[in-house]
1. Which one of these does PRO262 not meet: (1) over 30 Å from TYR123 (Cα atoms); (2) crowded, with 18+ Cβ neighbours inside 10 Å; (3) touching a residue at least 60 places away in the same chain (Cβ under 8 Å)?
2. I'd like to know if segment 150-159 contains one or more residues that are over 11 Å from the mean Cα position of the chain (by Cα), in contact (Cβ under 8 Å) with a residue 40 or more places away in the chain and within 22 Å of TRP240 (Cβ to Cβ).
3. Output yes when any residue across segment 70-91 is modelled with pLDDT of 80 or more, under 30 Å from LEU24 (Cα atoms) and charged (D, E, K, R), and no when none is.
4. May I ask you to verify whether GLY106 is farther than 18 Å from ALA162 by Cα, loosely packed, with under 14 Cβ neighbours inside 10 Å and at pLDDT below 65?
5. Hey, ILE168 hits all of (1) of a type outside the set (Lys, Arg); (2) out of contact with any helix residue (DSSP H, G or I) (no Cβ under 8 Å at 6 or more places or on another chain); (3) without any contact (Cβ under 8 Å) to a residue 40 or more places away in the chain but one; which does it fall short on?
6. Restricting to segment 220-240, name every residue that is among the aliphatic types (A, V, I, L, M), in contact with a Gly (Cβ under 9 Å, 6 or more places away or on another chain) and assigned to a strand (DSSP E or B).
7. Step by step: first the residues of segment 160-183, then only those that are more than 21 Å from the chain's Cα centre (by Cα) and hydroxyl-bearing (Ser, Thr, Tyr), then the one that is surrounded by the most Cβ atoms within 10 Å (Cβ to Cβ). Which residue is that?
8. State all residues of segment 191-203 that are under 16 Å from ARG178 (Cα atoms) and among the charged types (D, E, K, R); if no residue qualifies, say none.
Amino acid sequence: MNSESFVALKNEAISMVLLYAPQLALAIFTLVVGLFLIRGVLKVLSGGLNRAGVDPTLAPFLSSIIGWGLKLILLISVASMVGIQTTSFVAVMGAAGLAVGLALQGSLSNFAGGVLILLFRPYRVGDFIKAQGEMGTVKEIQIFNTILMNPENRRVIVPNGAIANGNITNYSCEEYVRVDTTVGIAYDADMKKARELLSEMVRKIPGVLEEPAPDVAIAELGDSSVNLIVRPYCAPSDYWSVRFQLIEETKNTLDAANISIPFPQRDIHLFNEK
């Protein structure tokens with residue numbers, strides 16, 4: 001390389017530096033300031049989520065998602081400042097995002113359901129719920145699934161998308177719950193006596209609340225029996241113990257009073273045809 005070529009190359013390099021140095025400096029400055037601002041925004045957001053009582057599982061996840069989104073926007077902005085064409089880059093990212101969304105639409109549905117559950121809190125860890133035909137105590141709320149422990153102490157994993165789009169029965173969110181038990185007595189039995197005995201019996205069961213007062217009423221006239229319904233109230237944590245003892249004591253009380261609990265029966269009439 002002769003001296004003239006070297007000088008020309010040197011002059012071209014200097015002119016390029018003078019041309020792009022301000023843009024590069026501005027881009028670096030924007031990147032540094034942007035990262036600093038994003039860090040501050042995430043700190044404020046995290047504090048706001050904690051003060052709002054957002055679930056501890058959801059708060060870090062939301063902060064992380066928002067942080068990555070802001071950083072991506074900052075990166076695209078900085079790239080455009082130094083002269084990089086970002087239009088095709090954004091298009092490729094959009095197409096990739098669409099493809100991933102279509103491939104993972106089931107998982108995304110569960111993710112969205114998990115976010116809604118953690119935000120609106122239809123149930124919390126420790127609640128006893130019924131959802132998607134499953135009953136159990138909520139052991140863990142994950143971003144994609146809810147883990148229940150059913151009464152048989154079996155782990156049940158239910159997708160959050162299905163839960164968020166279905167009916168949820170929460171037995172733990174109220175101060176007390178009602179335990180309904182139906183029993184049939186014979187048509188020739190003394191209904192008044194049966195109601196009095198059951199009313200006295202149900203008040204003696206441990207866990208049954210005095211207020212609201214338990215109730216014994218005639219539910220229906222069945223095919224083979226008069227069906228009485230016994231409806232005491234108890235704390236959600238006492239539901240199963242009260243229910244099991246109520247069934248047992250109902251049978252013992254009626255047996256002791258010689259009030260029969262009939263089984264289904266039919267009257268068959270025979271005719272002789274001549």
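1. Among (1) over 30 Å from TYR123 (Cα atoms); (2) crowded, with 18+ Cβ neighbours inside 10 Å; (3) touching a residue at least 60 places away in the same chain (Cβ under 8 Å), the lone unmet condition for PRO262 is (2).
2. Step one: list which residues in segment 150-159 are over 11 Å from the mean Cα position of the chain (by Cα), which gives 150-157.
Going one step further and asking which of them are in contact (Cβ under 8 Å) with a residue 40 or more places away in the chain, we end up with 151.
Subset that is within 22 Å of TRP240 (Cβ to Cβ): 151.
Looking for residues that are over 11 Å from the mean Cα position of the chain (by Cα), in contact (Cβ under 8 Å) with a residue 40 or more places away in the chain and within 22 Å of TRP240 (Cβ to Cβ), one finds at least one in segment 150-159, hence yes.
3. So far as segment 70-91 goes, yes, one or more of its residues are modelled with pLDDT of 80 or more, under 30 Å from LEU24 (Cα atoms) and charged (D, E, K, R).
4. Details: farther than 18 Å from ALA162 by Cα: no; loosely packed, with under 14 Cβ neighbours inside 10 Å: yes; at pLDDT below 65: yes.
Spelling it out, it is not the case that GLY106 is farther than 18 Å from ALA162 by Cα, loosely packed, with under 14 Cβ neighbours inside 10 Å and at pLDDT below 65.
5. Tallying (1) of a type outside the set (Lys, Arg); (2) out of contact with any helix residue (DSSP H, G or I) (no Cβ under 8 Å at 6 or more places or on another chain); (3) without any contact (Cβ under 8 Å) to a residue 40 or more places away in the chain, ILE168 fails exactly one: (3).
6. Filtering segment 220-240 down to residues among the aliphatic types (A, V, I, L, M) leaves 221, 226, 228-230, 235.
Filter again for in contact with a Gly (Cβ under 9 Å, 6 or more places away or on another chain), leaving 226, 228, 235.
Once the filter is applied, which keeps residues that are among the aliphatic types (A, V, I, L, M), in contact with a Gly (Cβ under 9 Å, 6 or more places away or on another chain) and assigned to a strand (DSSP E or B), segment 220-240 yields VAL226, LEU228.
7. Our first condition is that a residue be more than 21 Å from the chain's Cα centre (by Cα); within segment 160-183, this holds for 176, 178-183.
Pick out the ones that are also hydroxyl-bearing (Ser, Thr, Tyr) and you get 176, 181-182.
On the way: TYR176: 15, THR181: 17, THR182: 14.
By that ranking, first place goes to THR181.
8. If the condition is that a residue be under 16 Å from ARG178 (Cα atoms) and among the charged types (D, E, K, R), then ARG203 is the only one that fits.
The values are calculated or read from the model by the stated rules, or taken from the named source; none is laboratory data. On a predicted model such as this, the values are computed, not experimentally measured, just so you know. Cβ coordinates were reconstructed from backbone atoms using ideal geometry, including for glycine residues, and neighbour counts include every protein chain displayed.
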